[in-house]
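Take a look at the structure below.
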């Protein structure tokens, strides 16, 4: 029942994206891939997909570096205010997007940054860091410190220990976090809405077009988002499990 | 005055000794915050020796080992390995390898990659590396598993890989931190003998940490019994077992009967002590302490004989007491007899079960207990 509630609307959207008629109507008269073909020649949509991918990749990459470094700091060192830092880093996920959006908007205008895809990337980076951080902190917590010691004992200085032992063991956790971060960034609407310049990400474009009614082409675009999200979540899960197995 | 009994020098055979000690600890202290984990340890470990640090958890044995390995630095004092002061030298620049508790094998590497890791770090060429990895795995009797991941091995096999990974580097010193703790009893016994053999074969100095007194007695050339961050007694297994100096050592290693006695006097033959309710007994002259006042008399249960009919009630040169048999506990190899002495003290006596169905004493029966004064140790605390 819960699953029906959650997934029926999604299923309907996917189904309509293959519908042969121009209006969403039940029962579906016939099936076609026309709308996807149309999607492929629609410059605006292609451009927005490209933008979403670029933003997702850059935001996830920034988050991987900053999140992993922060995770290490939290795991390896004791310093004053450590619990506070752990708490505040989780905030961007808990805060409503609208708050984050408004806050960042006034922050950027204070700095005098013009809104562009870079402002979106920074905004997405904030919640992406949290995902990476949580994943990597959890993984580092599972890793016995003895492994580092064993590596040092066998003659490896700290740098080599990191690249030969620690990094390979946290890599699945980082990847899982990165994939999830990319997925969240790819379909983020609220924060993006506040911070976008002239360019539109795929979800924003869909949002804009809805004013002209739900076209099958929009259904097709939405299906693409669903597919990317689903693939992302599945991949992330897979990687997390692999990490847990010590793979 | 009492002559100091010299500590009997009974380390490994002379052929394995070169001039300087393999490891020297000089007045080493280690504090964690308020806690004194290691409280002034000085110790020489000989070349090729199998030395065990034995004590209950929290006695500072593991911290001592970790300081030798370089994972902790002493708060004060100095550690020398092969004559060189270690100072604050990190683990990766010490001529030492460690077998960790729970092995700490790298889970993402195969057995061969694990074992060859140290050689790789030392820049050993690939062909030599492969050969030495083979040899090391052969030495720990674990061929044919090179390609497997640690998770695919049993506990005993992982243990052997950890040994091979350390020994392949031919360290001057091998540190072992309760390496057998996770294995079942049978495997543990087999590995004890193998470790001892490996120690002889490779000639490296082994420093072994355990809380298991039996393990320590079985494998060690010498044992350092530790408590509260100090070494209480250092000696061969025989010395530690037969001539414990303190009540803690006597109690921690093996079973012991403790009797409160008053010193009555002493001469060249030994010490006369009085046991409440039983009269005068003779005890061995203790090492390094002056017998006086109230002391503890320690007698191992297997050193005591039980006799039914004692003609004349005395055995020349021995201590003879009478008591009543309180309880009999059969434990396979031997039987434990609990004897209640006239003063109310309890005495445990072990007797080997050589013949079955012998004319067994019954509970409540009056018996004589006899032991040699040389087996009766006077302890200070």
Given (1) within 13 Å of chain A (Cβ to nearest Cβ); (2) out of contact with any strand residue (DSSP E or B) (no Cβ under 7 Å at 6 or more places or on another chain); (3) part of a loop (DSSP other than H, G, I, E, B); (4) under 23 Å from residue B:49 (Cα atoms), residue B:164 misses just (3)
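Select from segment B:120-132 the residues that are closer than 29 Å to residue B:62 by Cβ and either more than 9 Å from chain A (Cβ to nearest Cβ) or not in a loop (DSSP other than H, G, I, E, B) (or both) and list them in ascending order.
Within segment B:120-132, the first condition is being closer than 29 Å to residue B:62 by Cβ, and the residues that meet it are B:120-122.
Listed by number, the residues that qualify are B:120, B:121.
Among the residues of segment A:104-122, write down those that are assigned to a helix (DSSP H, G or I), over 20 Å from the mean Cα position of the chain (by Cα) and surrounded by 13 or more Cβ atoms within 10 Å (Cβ to Cβ). If you could, list the steps in order and put the result at the bottom.
The initial filter retains those residues of segment A:104-122 that are assigned to a helix (DSSP H, G or I), namely A:104-111, A:117-122.
When the remaining residues are screened for being over 20 Å from the mean Cα position of the chain (by Cα), the result is A:105-111.
A:105, A:107, A:108 - these are the residues of segment A:104-122 that are assigned to a helix (DSSP H, G or I), over 20 Å from the mean Cα position of the chain (by Cα) and surrounded by 13 or more Cβ atoms within 10 Å (Cβ to Cβ).
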Say we look at segment B:252-293 and pick out the residues that are over 28 Å from the mean Cα position of the chain (by Cα) and outside any strand (DSSP E or B); which of these is surrounded by the most Cβ atoms within 10 Å (Cβ to Cβ)?
-> B:278
Quick one: in segment A:140-154, which of the residues that are crowded, with 23+ Cβ neighbours inside 10 Å and in contact with a helix residue (DSSP H, G or I) (Cβ under 6 Å, 6 or more places away or on another chain) is farthest from the other protein chains (Cβ to nearest Cβ)?
-> A:151
All positions within segment A:162-177 that are away from every other protein chain (no Cβ under 11 Å) and free of Cβ contacts under 8 Å to residues at least 60 places away in the same chain = A:162, A:163
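Determine which member of the set A:74, A:95 is buried (at least 19 other Cβ atoms within 10 Å of the Cβ) and farther than 14 Å from residue A:185 by Cα.
Values: A:95 fails: buried (at least 19 other Cβ atoms within 10 Å of the Cβ).
Within the list A:74, A:95, the selection yields A:74.
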Say whether the condition of being in contact with a strand residue (DSSP E or B) (Cβ under 7 Å, 6 or more places away or on another chain), in a helix (DSSP H, G or I) and either closer than 16 Å to residue A:75 by Cα or without any contact (Cβ under 8 Å) to a residue 60 or more places away in the chain (or both) is met by at least one residue in segment A:154-161.
-> no
For segment B:92-104, enumerate the residues that are more than 22 Å from residue A:168 (Cα to Cα) and either within 7 Å of another protein chain (Cβ to nearest Cβ) or over 21 Å from the mean Cα position of the chain (by Cα) (or both).
-> B:93, B:94, B:95, B:96, B:97, B:98
The condition from (1) within 13 Å of another protein chain (Cβ to nearest Cβ); (2) on the phi < 0 side of the Ramachandran plot that residue A:180 misses is numbered (1)
Identify all residues within segment B:79-91 that are under 17 Å from residue B:43 (Cβ atoms) and either within 9 Å of another protein chain (Cβ to nearest Cβ) or surrounded by 14 or more Cβ atoms within 10 Å (Cβ to Cβ) (or both); write none if there are none.
-> B:79, B:80, B:81, B:82, B:86
Taking segment A:38-84 and keeping only residues that are without any contact (Cβ under 8 Å) to a residue 40 or more places away in the chain and outside any helix (DSSP H, G or I), one is left with A:77, A:78, A:79, A:80, A:81
So residue B:117 fits all but one of (1) modelled with pLDDT under 95; (2) within 9 Å of another protein chain (Cβ to nearest Cβ); what number is the exception?
-> (1)
The number of residues in segment B:167-185 that are touching a residue at least 24 places away in the same chain (Cβ under 8 Å) and part of a helix (DSSP H, G or I) is 1
Which of the following residues is crowded, with 17+ Cβ neighbours inside 10 Å, more than 9 Å from chain A (Cβ to nearest Cβ) and either more than 22 Å from residue B:204 (Cβ to Cβ) or modelled with pLDDT of 95 or more (or both): B:107, B:74?
-> B:74
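The values are calculated or read from the model by the stated rules, or taken from the named source; none is laboratory data. Bear in mind that the values here come from a model prediction, so they are computed numbers and not experimental data. FYI the Cβ positions are ideal-geometry reconstructions off the backbone, even for glycines, and counts take in every protein chain you see.
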